[in-house]
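Where a number appears in this text, it was derived from the coordinates with a stated rule and is not lab data. In this text, all values refer to a predicted model and were calculated from it rather than measured experimentally. Note that we place each Cβ from the backbone using ideal geometry, even for glycine, and neighbour counts take in every protein chain shown.
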Amino acid sequence: MKYESQRVAMPYFIFALILFAGQIVFGLILGLQYVVGDFLFPEIPFNVARMVHTNLLIVWLLFGFMGATYYLVPEEAQTELYSPLLAWILFWVFAVAGTLTILGYLFVDYATLAEVTMNKLWPTMGREFLEQPTITKIGLALVFIGFLFNILMTALKGRKTVVNIILITGLIGLTVLWMFSFYNPENLTTDKYYWWFVIHLWVEGVWELIMGAILAFVLIKITGVDREVIEKWLYVIIAMALITGIIGTGHHFFWIGPPEYWLWLGSVFGALEPLPFFMMVLFAFTMINRRKRNHPNKAATLWAMGTAVMAFLGAGVWGFLHTLAPVNYYTHGSQITAAHGHMAFYGAYVMIVLTIISYAMPIMRGRPYGNSNKAQVVEMWGFWLMTISMVFITLFLTGAGILQIWLQRMPESGEALSFMATQDKIAVFYWARLIAGCFFSGGLVVYFCSFFIKGQASFDDEVRGPALQDA
Amino acid sequence: MAERFTKSMARNIYLGGSTFFILLFLILTFDTQSRAMPERDNRDQLTKQVVNGKHIWENNNCVGCHSIMGEGAYFAPELANVFDRRGAGNSDVFKAYMNAWMNAMPTNVPGRRQMPQFNLTDQEIEDLASFLEWTSKIDDNGWPPNIEG
């Protein structure tokens, strides 16, 4: 750690991981409700548990992105953070607002929550992933703006690197697009159209800039490859992300009202969307192959390779599976969508946050060369347990989806099974998914354990490896 | 990457490409919203009752279990075509069905998925039914493939 103010990233990372644990607990509840329908009913109905599961994910990823930003922007800009105090204030504002919202979901009936937060004055609630009361949405917007101010002031007074510029571009995009969450027209089709400006243009747009920048930063640090080379790759990756991803929004417009030309645009550009993720795999592996040093933090290297591969599989391959309109006609809103969503979020955004945590946390804890070998081995066990479990979760949901489509979507009206009858037929896949989810939780516990193992890697661990001179 | 392909070339592709596609996206959005949608979303039928129905839909987080036009959760049936599935395309039949259904929840059958009791008034249920009826008439390129949604 070169600048003392980078340490403000630590509470962000720790709080992100606590929320991650909460997200997984609710994931298990949901998984069980899929097969034991009345589990925890009426105390925690499915819609409440799902809202907690998805909102915790969004909030903890945002905490992770902010932590990553506070850590890497000062280091890249070669200056202290503009205002560590502001970063701390915003941390508490965000943490308290986020926690209160989640508690509101759990302990207040949703209709009552809408009433007491005066949703009537400016209705924005009750839309998937944007369930937060309007007052929470305003709070979130203010946190983003304060955060951006702090980061811009830091970046502007220091060295302007490509990593910083792209990361900040992504964060500005994130903030600007969030404003569409306040637009909820009375016409459902218009509502849905602009809803995607937040959802799609976040995860298949500006978040890829954030992911690319964080990955580039970690690769510069752990491989020692020349910054010029890494920055060129980064530009190509984000160019592809935006060139394919913006019009690629069209793959969400197939069946919600917009005209037929979106069937073509969404299919063609959607089919190209795996490209930036494929480039990220090449990027991570090429840089690590050409490494100029053997960084003793092997766990961080593993996460960096893992996030590229899993993002490609989850977002790229599983996205491509159902992006073509003739296929999507049958798969839209089925368990295929759920399969894709799980692996894409885990691979691209969970793992990139865990990558920067794996790299930066040991340094902030006074272990400049990384955790002890023992701690790293435990962390890597966590990596493999969570990642392999997520592969199985995705495969089981894909199986459920294929069977669901076969029984419910493909036959003619009259012959097709009803939704609920189909759910009974595919229950075995849901049980298997739940078991994989339990293994995932076990992996998370193992991962958390790695933080409590003492000791650190030393400089000697670096030179002990084979030095690569030819790169 | 080859040495001839420089960083500034990569940056120019990024800036030029993203600017071009942002502009194209804005133009397409303008065309979709101003020209195409008015003919497809039967907005002339968008009554006060339908709007109120949408608020009831949102305030009770219906999308937390159900999907509507394929979007939402996948725990309970698709509802963009429930007007055709349960009301046989008839407003009165559908309203009567909705009223009976909403008041019968939850079923409390052990082990089955449960829909909460939302304690809606008869008028609110009627508004919700109007919203679902209006939604069923949007031109959505023929989705879903069959009546089961």
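With the largest listed first and rounded to whole Å, the semi-axes of the equivalent ellipsoid of region A:162-318 from the Cα gyration tensor are 33, 16, 12. Tell me the angle of helix B:7-31 to the major Cα principal axis of chain B, expressed in degrees between 0 and 90 and rounded to the nearest ten. Between the helix axis and the principal axis of chain B, the angle is about 40 degrees.
Note on B:Ala96 and B:Asn12: their simple-model spin labels are 7.2 nm apart, each label 7 Å out from Cα toward Cβ.
Helix A:84-107 and the longest principal axis of the Cα set of chain A meet at an angle near 30°. The GluC sites (Glu not before Pro) of region A:341-449 meeting both criteria, a DSSP state outside H, G, I, E and B (loop) and at most 13 other C-beta atoms within 10 angstrom of the site's C-beta, are A:Glu412, A:Glu415. For B:Glu78, the residues 5 or more places off, or on other chains, whose built amide H falls under 5 Å of its own are B:Ser67. Only the Cβ atoms of Lys and Arg (+1) and of Asp and Glu (-1) were treated as charged; on that basis the dipole of chain A about its Cα centre amounts to roughly 1260 debye.
A helix-only calculation puts chain A at -23500 deg cm²/dmol for mean residue ellipticity at 222 nm, using -39500 (n - 2.57) for each DSSP H run of at least four residues, averaged over all residues.
What FRET efficiency comes out for B:Lys48 versus A:Ile18 if R0 is 56 angstrom and r is the Cβ-Cβ distance? Round to the nearest 0.05.
Efficiency, from the Cβ-Cβ distance: 0.80.
For the pair B:Lys137 and A:Tyr261, label points projected 7 Å from Cα toward Cβ lie 2.8 nm apart. Of the cross-linked pairs A:Lys137/A:Lys425; A:Lys137/B:Lys137; A:Lys157/A:Lys221, which ones have a Cα-Cα span greater than 30 Å in the structure shown? Beyond 30 Å between Cα atoms: A:Lys137/A:Lys425; A:Lys137/B:Lys137.
Relative to the longest principal axis of the Cα atoms of chain A, helix A:335-344 runs at roughly 10 degrees.
Relative contact order of chain A, taken over Cα pairs closer than 8 Å and 6 or more residues apart, is 14 percent. For A:Tyr194 and A:Lys2, the difference between the fully extended length at 0.36 nm per residue and the C-alpha to C-alpha distance is 64.9 nm. Can you figure out the FRET efficiency of A:Val176 with A:Leu100, using R₀ = 30 Å and their beta-carbon distance, to the nearest 0.05? Once the sixth-power term is evaluated, E becomes 0.70.
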